[in-house]
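Okay, so here's the structure we're looking at.
The values are calculated or read from the model by the stated rules, or taken from the named source; none is laboratory data. Remember, it's a predicted structure, so these values are computed and weren't measured experimentally. Cβ placement follows ideal geometry from the backbone for every residue including glycine, while neighbour counts extend to all protein chains displayed. SASA here: full protein model, heavy atoms, side chains in, ligands and nucleic acids out. Shrake-Rupley method; radii C 1.70, N 1.55, O 1.52, S 1.80 Å.
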Amino acid sequence: MSNGDGFCGRPNQRLPQSKTMKLRRILVPTDFSAASLRALDYAVDFARSPDIELLLINVVEPIRNTRFIPDVSALLENRRSEAAEQLSRLEARIKQRHRKCRSEVHFGIPYEVIPNVAKKSKADMIIIATHGHTGLRHLFLGSVTERVVRLAQCPVLTIRAAGASRSTRRSANRDRRGA
């Protein structure tokens, strides 16, 4: 954060005076949840310039326990096909509001794939939803968004889930303090 004289919060670190951030591509991961669709709507509004490309991705996760699944590759292909179909419909809907949009399906662990796709596609920013999990659920499930923020080499804008109200945040703060 600058104090107005060009200095950031750290000694010997200055903000660039003449550089402005030029966005060419925004990566928007979606799991088709309400929270991720809200983040996508935000990304469309954020990308005001018609020159900015929106890259929508969905990550099909590996199947963890395959012992009782006879044909894992068929199941994964089915998941990929369903994701591609949903992304295609979503892309068509978004193109009505923002013409420069494309979508991709990837396999892997979301918090690893998302930063890698951002780097490979030369995304200038990632806009991603938080799902608003708190307390024990957050502790056990972790947060894809938190890990993406840590691993990404470009700026990450997080869009809070609609359900993450002030009361939810107060509850999460109580959980952290042990009250």
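Side notes on the structure shown:
- Each residue in region 22-43 was checked for being polar (S, T, N, Q) and in a loop (DSSP other than H, G, I, E, B), and 2 of them qualify.
- Residues of region 44-84 that are assigned to a loop (DSSP other than H, G, I, E, B) and more than 21 Å from residue 112 (Cα to Cα): 47, 48, 49, 50, 51, 52, 66, 67, 68, 69, 70, 71.
- Note on region 17-45: among residues that are at pLDDT 55 or above and more than 20 Å from the chain's Cα centre (by Cα), the one that is least open to solvent (accessible area, probe 1.4 Å) is 20.
- Leading residue by the ranking (least open to solvent (accessible area, probe 1.4 Å)) among those in region 85-102 that are part of a helix (DSSP H, G or I) and not hydrophobic (A, V, I, L, M, F, W, C): 91
- Among residues of region 87-111 that are over 28 Å from residue 64 (Cβ atoms) and modelled with pLDDT of 95 or more, those with a beta-carbon under 7 Å from a residue that is of a type in the set (Ser, Thr, Tyr) and open to solvent by less than 40 Å² (accessible area, probe 1.4 Å) at least six positions away or on a different chain give the pairs 91/103.
- Unmet requirement for residue 116, which otherwise passes all of (1) without any contact (Cβ under 8 Å) to a residue 12 or more places away in the chain; (2) in contact with a strand residue (DSSP E or B) (Cβ under 9 Å, 6 or more places away or on another chain); (3) farther than 19 Å from residue 155 by Cβ: (3)
- Set 67, 48: member being under 17 Å from residue 24 (Cβ atoms) and either surrounded by fewer than 20 Cβ atoms within 10 Å (Cβ to Cβ) or touching a Gly at 6+ places or on another chain (Cβ under 7 Å) (or both): 48
- Residue in region 116-137 that is part of a helix (DSSP H, G or I), open to solvent by 30 Å² or more (accessible area, probe 1.4 Å) and modelled with pLDDT under 95 present: yes
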